[in-house]
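Notes for the one structure printed next.
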Amino acid sequence: ALFWGDNLSDGLGVAALAYGSGAWALGGSSANLAVACEGLLSIFLVTHGLKRGIGRVRPMDDSPDSFPSGHSSLAFGGATLLARSIERDFDSEWGYLFLLPATFVAYNRVEDGRHWATDAAAGAFLGTLIANWVFNAHFGEEGRASIFQRSRERLRASFAAQVDEDFLGIGLHVSF
């Protein structure tokens with residue numbers, strides 16, 4: 001059963017990247033691909049940083065990298081990115097079905113003795129949290145603009161000519 005959990009985890013991450021790549025290749029925006037890349041990279045870095053810092057031993061061996069589960073964080077991160085992208089692009093909640101194989105990955109990691117239940121739960125939480133945070137940073141939430149949209153709305157720049165008897169110049173005024 002371990003084989004299936006590992007492959008599903010990798011597959012959900014690859015599927016999030018493929019979804020973004022496909023949309024871009026078909027002439028759409030590259031935003032979904034950027035979100036998938038940023039989200040998955042962030043999930044990887046935070047998960048592995050925690051693994052190194054915490055050093056919890058796995059249930060079946062002495063490896064000090066049990067907490068949090070990287071497979072669970074990848075699976076839930078990929079599933080969340082897919083679900084949010086599908087919901088945004090097609091106004092459909094069917095994408096949330098990707099959370100079912102992600103749940104199997106977390107269960108599988110515990111059942112095969114690779115992680116403690118808290119490792120898998122923390123990985124699931126971490127993957128979901130970071131994926132939602134990156135997605136919202138790019139696309140915003142219902143009723144709230146993204147951080148990129150808010151930055152563009154606040155950033156103002158203007159040029160003004162300055163002419164005097166002894167001076168000719170251009171002034172730049174930037175506000176944010």
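The values are calculated or read from the model by the stated rules, or taken from the named source; none is laboratory data. In this text the structure is predicted, and so the values were computed from the model without any measurement. Cβ: placed from backbone, ideal geometry, glycine included. Neighbour counts: every protein chain shown. Surface accessibility is based on the protein's heavy atoms, side chains included, excluding ligands, DNA and RNA. Shrake-Rupley method; radii C 1.70, N 1.55, O 1.52, S 1.80 Å.
Can you find, within region 125-151, the residue that is modelled with the lowest pLDDT among those that are loosely packed, with under 11 Cβ neighbours inside 10 Å and not in a strand (DSSP E or B)?
The residue in question is GLY143.
Can you confirm whether region 93-101 contains a residue that is under 15 Å from GLY123 (Cβ atoms), in contact with a helix residue (DSSP H, G or I) (Cβ under 9 Å, 6 or more places away or on another chain) and not in a helix (DSSP H, G or I)?
no
Report whether or not ALA83 is at negative phi, in contact (Cβ under 8 Å) with a residue 12 or more places away in the chain, of a type outside the set (Asp, Glu) and buried (at least 17 other Cβ atoms within 10 Å of the Cβ).
Yes: the conditions hold for ALA83.
If I filter region 55-67 for residues that are part of a helix (DSSP H, G or I) and at negative phi, do I get at least one hit?
no
Of the conditions (1) closer than 21 Å to ALA137 by Cβ; (2) touching a Gly at 6+ places or on another chain (Cβ under 8 Å), SER21 satisfies every one except a single condition; which number is it?
(2)
Quick check: anything in region 56-73 without any contact (Cβ under 8 Å) to a residue 40 or more places away in the chain, surrounded by fewer than 21 Cβ atoms within 10 Å (Cβ to Cβ) and among the hydrophobic types (A, V, I, L, M, F, W, C)?
yes
Quick one: how many residues across region 110-124 are hydrophobic (A, V, I, L, M, F, W, C), outside any loop (DSSP other than H, G, I, E, B), in contact (Cβ under 8 Å) with a residue 12 or more places away in the chain and open to solvent by 40 Å² or more (accessible area, probe 1.4 Å)?
1
When only residues in region 94-109 that are within 18 Å of the chain's Cα centre (by Cα) and more than 18 Å from ASP6 (Cα to Cα) count, which is least open to solvent (accessible area, probe 1.4 Å)?
If we take residues in region 94-109 being within 18 Å of the chain's Cα centre (by Cα) and more than 18 Å from ASP6 (Cα to Cα), then GLY95 is least open to solvent (accessible area, probe 1.4 Å).
Answer yes if at least one residue in region 32-44 is touching a residue at least 24 places away in the same chain (Cβ under 8 Å), more than 15 Å from ASP89 (Cα to Cα), open to solvent by 70 Å² or more (accessible area, probe 1.4 Å) and in a helix (DSSP H, G or I), and no otherwise.
yes
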